[in-house]
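Participant: The structure that follows is given in the form of structure tokens.
Please treat every number below as a calculation from the coordinates, not as lab data. Being a predicted model, the structure only gives us computed values, none of them experimental. Counting neighbours? That spans all protein chains shown, and the Cβs are built from the backbone with ideal geometry, glycine included.
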Amino acid sequence: MKKILTYFSLLILVLVAVAATYLLVKFPPILAGMASKTMCSCVYVMGRSPESVKEKELSVFPGLASARFTFEDSSSVSATFLWKTSKAIYRKGLGCTLLAERDEQSVRAQRFALPEPAGPNPDSLAWPIGNKPGEQLVEGVNYKAISQAVDWAFEETDPAKPKNTLAVVLVYDGHLVGERYAEGYTIRTPIMGWSMTKSLTNALVGILIKEGKLRLDAAAPVPEWQSDERKNITLNDLMHASSGLAWDESYFAPGDFHNMFMHSDDKGGYAASRKLEYPIGSHFEYSSGTTNILSRIIRNTVGEDQYPRYAYKNFFHRIGMHTALIEPDASGTFVGSSYGYASARDWARFGLLYLQDGVWNGERILPEGWVTYSSTPAPAAPKGEYGAQFWLNAGAKNDPQQSYHPGIPHDEYGAEGFEQQNVFIIPSRKLVLVRLGISHHGFDMVGLTQKVISALP
């Protein structure tokens, strides 16, 4: 028995040593990459202090706030965590890009001809075209209750679980009825949307379909798939996150998600290299990789000459989203899954575009039927929780009460992102709610929605 216990103890020690070695090899590159990219974007795109980034974002990851940072001429950030150093570079108008496989010189040599916003100063125009809020109150809206709801969204009641709300914008029937910002944030501050960017990608695909350059029922134009079964994956399958491709979206263990974001320069290419795991169209798999395949399809469809300015000229600037940007990866493709920024008002404009069935100031931006398509459950989504790059509250087909956000109207759909970024669109209440923050302990978006709805006619 004593010999067995000795062998067992040795086995445990070996397993612990193997696990520790694995963690030391795998996690420092992930954490160093995440630290440098997050710090770069928060400081140079959002205009925040390094101290606030360490406090709000990095402190929730064990030991990461103690990483060593080097800032070079307001153009890059290097982060060293344990044995690994990673670097993210900043380019004006493009935001930050994490270097993985390519050298800095070759990435900086890329040329992006970004257009300047055209037309009059938005500060001289009334909302939603511009920034001047309406002077008349909307009949039937309980503004006192709205103000209390907004204040509640910022109220900190548990120091151990801070809400860290940065901005709230409420739009009812096209009118701004509620708005507030955390200290240091304004109507012009671009705020990281994380996975809300997937819904921006939805709009770009829709515009290309309106132009006749893409078709939902056509095979996805992915060169790597033309010699195997993946050639049968349609654009619709990708939009519904139901391609059948093998994917691991885990944020807390090494896998596809981190391999794509931290180790690959061509994120769409990495995702396209995955093999089939399920029959095409049969399995819903939330996947940042899928959206980056879509983003690469957009680039290839538009063409290199027009691609850098396409999203701005054909989408953002047409609806007054003048603070919006999507950061590119090191291959030059915009990271359509995760790296989109916009002010809270511009996120609200985005939601309002969909509330208005894709029409803006009398001009149709999205094709007819696109909003209905986007907000209709994907056949493979078990609880009707996902449409075409939007989260839905429709509920399970045979039991609508099994819904993604119980307690609010079933026609709610929206863009959602890490750290509790939300754009909720509720057509039945003519309502768009934007809540942006840095919340690692959750935020009760349903509670805020219920409070706001109770204050409406």
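Participant: Can you compute the modelled spin-label distance between Ala253 and Tyr143, with each label point 7 Å from Cα toward Cβ, in nm?
Facilitator: 5.3 nm
Participant: For the chain, list the cysteines whose Cβ sits under 4.7 Å from no other cysteine Cβ?
Facilitator: Cys42 - these cysteines have no disulfide-compatible partner (Cβ-Cβ under 4.7 Å) in the chain.
Participant: Can you flag which of Lys84/Lys163; Lys26/Lys56; Lys87/Lys267 are past 26 Å Cα-Cα?
Facilitator: Working: Lys84/Lys163 32 Å; Lys26/Lys56 24 Å; Lys87/Lys267 17 Å.
Among Lys84/Lys163; Lys26/Lys56; Lys87/Lys267, the Cα-Cα distance tops 26 Å for Lys84/Lys163.
Participant: With θ taken as phi - 60° and the coefficients 6.51, -1.76 and 1.60, list the Karplus ³J(HN,Hα) couplings across segment 372-382 in order, rounded to whole Hz; mark glycine and proline as x.
Facilitator: Result, rounded to whole Hz: 4, 4, 5, 9, 9, x, 5, x, 8, 6, x.
Participant: Please state the shape class of segment 192-287: rounded when a/c is under 1.5, otherwise prolate if a/b exceeds b/c and oblate if not, all from the C-alpha gyration tensor.
Facilitator: Taking the square roots of the gyration eigenvalues as a ≥ b ≥ c, segment 192-287 is oblate.
Participant: Would you pull out the residues with amide H under 5 Å of Trp360's amide H, same chain only if 5 or more places away, H placed 1.01 Å from N?
Facilitator: Ile365
Participant: Still on this structure, I have one more. In nm², what is the average projected area of the convex hull enclosing the Cα atoms of segment 238-380?
Facilitator: Details: hull surface 37.6 nm².
Over every viewing direction, the Cα hull of segment 238-380 projects on average to 9.4 nm².
Participant: Further, regarding this structure: Straight-line reach from Lys144: which aspartates and glutamates have Cα under 13 Å away, leaving out those fewer than 8 places along the same chain?
Facilitator: Reachable aspartates and glutamates: Glu179.
Participant: A further question on this structure: Can you compute the modelled spin-label distance between Ala109 and Phe418, with each label point 7 Å from Cα toward Cβ, in nm?
Facilitator: Modelled inter-label distance: 3.1 nm.
Participant: Also: Among the GluC sites (Glu not before Pro) within segment 155-204, which fall in a DSSP loop and have no more than 16 other Cβ atoms within 10 Å of their own Cβ? Mind showing how you got there, number by number?
Facilitator: Details: sites: Glu155, Glu156, Glu179, Glu183; in loops: Glu155, Glu156, Glu183.
Answer in residue order: Glu155, Glu156, Glu183.
Participant: Still on this model: Add +1 for every Lys or Arg and -1 for every Asp or Glu among the other residues with Cβ under 15 Å from the Cβ of Ala149, and state the total. Could you put the intermediate results ahead of the total?
Facilitator: Numbers: positive: Lys144, Lys163, Arg180, Arg429, Arg435, Lys451; negative: Asp151, Glu155, Glu179, Asp444.
Combined, the nearby Lys, Arg, Asp and Glu give +2.
Participant: Okay, next question. Residues with beta-carbon under 12 Å from that of Tyr307, excluding Tyr307: net charge, scoring Lys, Arg +1 and Asp, Glu -1? Working shown, then result.
Facilitator: Numbers: positive: Arg111, Arg296, Arg299, Arg309, Lys313; negative: Glu304, Asp305.
Charge balance near Tyr307 sits at +3.
Participant: If you take the square roots of the eigenvalues of the alpha-carbon gyration tensor of the chain and sort them as a ≥ b ≥ c, do you get rounded (a/c under 1.5), prolate (a/b over b/c) or oblate? Could the numbers behind the result be given before it?
Facilitator: On the way: a/c = 1.39, a/b = 1.30, b/c = 1.07.
The shape class here is rounded.
Participant: Hey, can you grab everything whose amide H is under 5 Å from the amide H of Gly244? Only 5+ residues off in sequence or another chain; H modelled, so Pro and N-termini drop out.
Facilitator: Gly281, His283
Participant: List the lysines whose alpha-carbon lies under 19 Å from that of Lys397, not counting same-chain residues fewer than 8 positions away?
Facilitator: Result set, ordered by chain and number: Lys383.
Participant: Under 5 Å between amide H atoms, partner at least 5 residues away or on a different chain: which partners does Ile233 have, H built in plane at 1.01 Å?
Facilitator: For Ile233, whose amide H was placed from the backbone, the distant partners under 5 Å are Ala220.
Participant: Moving on. Among the aspartates and glutamates, which fall within straight-line cross-link reach of Lys92, defined as a Cα-Cα distance under 17 Å, with same-chain neighbours fewer than 8 residues apart omitted?
Facilitator: Glu72, Asp73, Glu104, Glu116, Glu327, Asp329
Participant: Please give the peptides 302-312, 376-386 ranked by average Cβ packing (other Cβ atoms within 10 Å per residue), highest first, as a rough proxy for protection.
Facilitator: Numbers: 302-312: 16.6, 376-386: 19.0.
Final packing ranking: 376-386, 302-312.
Participant: Quick one: grab the alpha carbon gyration tensor of segment 336-457, order the square roots of its eigenvalues as a ≥ b ≥ c, and give me rounded if a/c is under 1.5, else prolate or oblate depending on whether a/b is larger than b/c.
Facilitator: Details: a/c = 1.28, a/b = 1.06, b/c = 1.21.
Verdict is rounded for segment 336-457.
Participant: Shifting gears a bit: Defining a contact as two alpha carbons under 8 Å apart and six or more residues distant in sequence, what relative contact order in percent does the chain show? Working shown, then result.
Facilitator: Numbers: 881 pairs, mean separation 79.4, N = 457.
This gives 17 percent for the chain.
Participant: Can you work out ³J(HN,Hα) from phi for every residue in segment 395-400, in order, using Karplus 6.51 cos²θ - 1.76 cosθ + 1.60 and θ = phi - 60°, giving whole Hz and x for Gly and Pro?
Facilitator: x, 4, 4, 9, 8, x
Participant: Using the 10 angstrom Cβ neighbour count as an exposure proxy, how do Ser124, Ser337 rank, fewest first?
Facilitator: Details: Ser124 10, Ser337 29.
In order of increasing Cβ crowding within 10 Å: Ser124, Ser337.
Participant: Follow-up. Karplus couplings for segment 86-92 from phi (6.51 cos²θ - 1.76 cosθ + 1.60, θ = phi - 60°), rounded to Hz, Gly and Pro as x?
Facilitator: After applying 6.51 cos²θ - 1.76 cosθ + 1.60, I find 10, 10, 10, 10, 10, 10, 4 Hz.
Participant: Another question, if that's okay. Where does helix 197-210 land angle-wise versus the long Cα axis of the chain, in degrees 0 to 90, nearest 10?
Facilitator: The angle comes out near 60 degrees.
Participant: Once you place label points 7 Å from the Cα toward the Cβ at Asp305 and Lys92, how far apart are they in nm?
Facilitator: 2.7 nm
Participant: Which ordering of Ser295, Ser147, Ser282 is given by a fewest-first count of other beta-carbon atoms within 10 Å?
Facilitator: On the way: Ser295 28, Ser147 14, Ser282 11.
Neighbour counts put them in this order, fewest first: Ser282, Ser147, Ser295.
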